[in-house]
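Engineer: Pasting a structure here, questions to come.
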Amino acid sequence: MTDWHTIALAVITLVAAVVNGALGYGFSSITVPIALLFLTNRVLNPALVLIEVVLNAYVLWHNREAFSSVGRRVLPMVVGLVPGIAVGTAILAQVNPAWLRFATFTALLPLILLQAAGFRRPIRSERSVGLVFGGGLGVLYSVTTISGPPLAIMLNNQGLAKKDFRAALGFIRLAESSMTAVAYSYAGLFTVTSLALIPWIVPSILMGVPIGAFIIQRVRAETFRRMCMSFDAWIVAFGLSRLLNELTLVEGPAAYLVLVGVGLLDIWLLYRFFSGSIAAPPSESPPERPSVPR
C-alpha cells in the first residue's frame, strides 16, 4: 500500500473515531465506505476485526452490570451469527473484490437511509426474528465488518435503555468479531498487508474518541448523528455509482444517477428533520464517557 493510502486511512479512521466518540457507534460505517475506494475488503477487514475484538470486550466489560438483563434476550442473535459468519467468510475469500465492494455499498445504503429517516417498528417475535436477524448480521459483518446500523435499528426498536443497549451491543459485537477472527484465520485471510494497517488505525482511535466525546457535550446529539448519516449516505452513493461504471453494469454518466437520487432523497430528509416535521429517534443517547468504535 502506498504512503498516501496509509495517510488517508489514518485521517479517515480519525474522523470515524470522532464520530464514534460522540455517538457511541459509527466507526466501521464511516471507515469502510471511504476506505474501500482504495482498499479491498480482503485487506481492510482482517485489520478492523482484530481491533474490534479488543474494543468490544472493553464495551461489554464497561457495561457488565446490565448484561444480566439483556444476555438471554440477544442470545438467539448470537446463535444465528455462527452460520452467517461461515457463509460470509466463504464469500469474502472467493468473490471478486469489485463485486464485494458493490455488495457492501448495496447493503449499506438502505440501512443508512433507514436510520436517517428515523425508522422504528418494534418486533414482537423477538426470539425467532433474532435468530434469522443474527444469520443475516453474521453475513454482513464477516463480509463488510459493519453491523452498527442494523443493530442500532434492531435494539432501539425493542426499547432498550442506554446501559442495556450498550451491554447488548457489546455482547453481540464481541461475539461476531471473535467468531469472524477465528473464521478469517481458518480461511487464511490474515496477511502481512492487512496487519500492517493496524499501527495506522490505533493512534487515530486513541485521539479521535475523546475528541468526539468532547464535541457531543456542546452540540445536540441527534443533529450531529443526522449529519453523520447524511455524509455516509453521500459517500456510499458515490462509491456505488463508481462501481456501476467500473463493473459496466451502467456505463457513462448514467451510473451517477444513483448519487443524484440519493442526494435528492437525503436533502428532502434533512429538510424534514430541520423543519421539525418529524422527530427522528436517536440511535443512542450521548455517551457518559468516551466510547469505543463499533
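The values are calculated or read from the model by the stated rules, or taken from the named source; none is laboratory data. Since the structure is predicted, the reported quantities are computational estimates derived from the model, not experimental observations. We place every Cβ from the backbone using ideal geometry, glycine too, and count neighbours over all the protein chains shown. Side chains included, ligands, DNA and RNA excluded: accessible areas come from the protein's heavy atoms. Shrake-Rupley method; radii C 1.70, N 1.55, O 1.52, S 1.80 Å.
Engineer: Scan region 56-73 and give yes if some residue there is closer than 29 Å to E246 by Cβ and either in contact (Cβ under 8 Å) with a residue 40 or more places away in the chain or not aromatic (F, W, Y) (or both), otherwise no.
Structural biologist: Scanning region 56-73, I find no residue that is closer than 29 Å to E246 by Cβ and either in contact (Cβ under 8 Å) with a residue 40 or more places away in the chain or not aromatic (F, W, Y) (or both), so the answer is no.
Engineer: L14 versus (1) in contact with a Ser or Thr (Cβ under 7 Å, 6 or more places away or on another chain); (2) farther than 23 Å from A233 by Cβ: which is the lone unmet condition?
Structural biologist: (2)
Engineer: OK, next. Can we say L23 is hydrophobic (A, V, I, L, M, F, W, C), within 19 Å of F231 (Cβ to Cβ) and modelled with pLDDT under 85?
Structural biologist: Here the answer is yes, as L23 does meet what is asked.
Engineer: What are the residues in region 5-34 that are among the hydroxyl-bearing types (S, T, Y) and in a helix (DSSP H, G or I), if any?
Structural biologist: Within region 5-34, T6, T13, S28, S29, T31 meet the criteria.
Engineer: For region 249-294, what are the residues that are in a loop (DSSP other than H, G, I, E, B), modelled with pLDDT of 85 or more and open to solvent by 70 Å² or more (accessible area, probe 1.4 Å)?
Structural biologist: If the condition is that a residue be in a loop (DSSP other than H, G, I, E, B), modelled with pLDDT of 85 or more and open to solvent by 70 Å² or more (accessible area, probe 1.4 Å), then L249 is the only one that fits.
Engineer: Another question about this same structure. If L108 satisfies every condition in (1) open to solvent by 40 Å² or more (accessible area, probe 1.4 Å); (2) in contact (Cβ under 8 Å) with a residue 60 or more places away in the chain; (3) under 23 Å from G263 (Cα atoms) but one, which is the exception?
Structural biologist: Of everything listed in (1) open to solvent by 40 Å² or more (accessible area, probe 1.4 Å); (2) in contact (Cβ under 8 Å) with a residue 60 or more places away in the chain; (3) under 23 Å from G263 (Cα atoms), L108 misses just condition (1).
Engineer: Let me ask another. Any chance region 221-235 includes a residue that's in a helix (DSSP H, G or I), open to solvent by 50 Å² or more (accessible area, probe 1.4 Å) and farther than 30 Å from V59 by Cα?
Structural biologist: no
Engineer: Kindly list, by first and then second residue, each pair from a residue in region 160-188 that is touching a residue at least 24 places away in the same chain (Cβ under 8 Å) and open to solvent by 10 Å² or more (accessible area, probe 1.4 Å) to a residue that is part of a helix (DSSP H, G or I) and among the charged types (D, E, K, R), limited to pairs with Cβ atoms under 6 Å and residues at least 6 apart or on different chains.
Structural biologist: Listed by first residue and then by second, the contacts come to nothing, as the list is empty.
Engineer: Looking for whichever is open to solvent by less than 60 Å² (accessible area, probe 1.4 Å), at pLDDT 80 or above and either in a helix (DSSP H, G or I) or not acidic (D, E) (or both) here; the options are L137, L114. Which one fits?
Structural biologist: Being open to solvent by less than 60 Å² (accessible area, probe 1.4 Å), at pLDDT 80 or above and either in a helix (DSSP H, G or I) or not acidic (D, E) (or both) holds for just one of L137, L114, which is L137.
Engineer: Working only within region 83-102, note down all residues that are within 30 Å of I267 (Cα to Cα) and modelled with pLDDT of 85 or more.
Structural biologist: W99, F102
Engineer: Also, quick follow-up: Would you confirm whether or not region 35-55 contains a residue that is assigned to a helix (DSSP H, G or I), at pLDDT below 85 and open to solvent by 10 Å² or more (accessible area, probe 1.4 Å)?
Structural biologist: So far as region 35-55 goes, yes, one or more of its residues are assigned to a helix (DSSP H, G or I), at pLDDT below 85 and open to solvent by 10 Å² or more (accessible area, probe 1.4 Å).
Engineer: Please give the number of the condition T223 fails out of (1) farther than 14 Å from A17 by Cα; (2) modelled with pLDDT of 85 or more.
Structural biologist: In the conditions (1) farther than 14 Å from A17 by Cα; (2) modelled with pLDDT of 85 or more, T223 misses (2) alone.
Engineer: Now for a separate question. From the list I51, I34, I30, I85, which one is touching a Cys at 6+ places or on another chain (Cβ under 8 Å) and in contact (Cβ under 8 Å) with a residue 24 or more places away in the chain?
Structural biologist: I30
Engineer: Further, regarding this structure: So which of D232, D266 is among the charged types (D, E, K, R) and under 18 Å from the mean Cα position of the chain (by Cα)?
Structural biologist: Exactly one residue qualifies, and that residue is D232.
Engineer: Would you pick out the residues in region 169-211 that are part of a helix (DSSP H, G or I) and either modelled with pLDDT under 85 or of a type in the set (F, W, Y) (or both)?
Structural biologist: L169, G170, F171, Y184, Y186, W200, V209 - these are the residues of region 169-211 that are part of a helix (DSSP H, G or I) and either modelled with pLDDT under 85 or of a type in the set (F, W, Y) (or both).
Engineer: Okay, next question. Looking at (1) open to solvent by less than 10 Å² (accessible area, probe 1.4 Å); (2) under 16 Å from the mean Cα position of the chain (by Cα); (3) of a type outside the set (G, A, S), find the lone condition where L92 falls short.
Structural biologist: That leaves (2) as the condition not met.
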